[in-house]
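Some notes on the structure that comes next.
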Amino acid sequence: MAKGTAYTQQFKEDAIRYKKEHPELSYQAAASNLNISISALKTWIKKSKENEGKVPTRGAGNYSSDEAKEIARLQRELRDAKDALEVLKKAISILGN
């Protein structure tokens, strides 16, 4: 998969299990067989050890509640509105001179 690809938690856990079930494989070989980067595999294994076997994933499914998801959406919307306001202020100052 391409750089920046979001992997599901299930895929990450399966990749970790694959590496554990095939200790004879190097990280390079295991990652190549899974079509992922070595650094991704090592990171997932490290995070799995830190989080009792679970690998946290980014994405929309990681919000603790609907309210948390809505808060995140509103924060993005506010940030975008502030950016647009800054652009308008600069445009006004340029046209005003």
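Derivation of every value follows stated rules applied to the coordinates shown; laboratory data play no part. As the structure is a computational prediction, the values presented were derived from the model and not from experiment. Please note: Cβ atoms are built from the backbone with ideal geometry, for glycine as well, and neighbour counts cover all protein chains shown.
Which of the lysines could be linked to K46 by a straight reach, that is with a Cα gap under 24 Å, when you skip same-chain ones fewer than 8 residues away?
K3, K12, K19, K20, K54
Would you tally the net charge around K19, using a Cβ to Cβ cut-off of less than 13 Å, leaving K19 out, and scoring K and R as +1, D and E as -1?
Values: positive: K12, R17, K20, K42, K46, K49; negative: E13, D14, E21, E24.
Residues close to K19 contribute a combined charge of +2.
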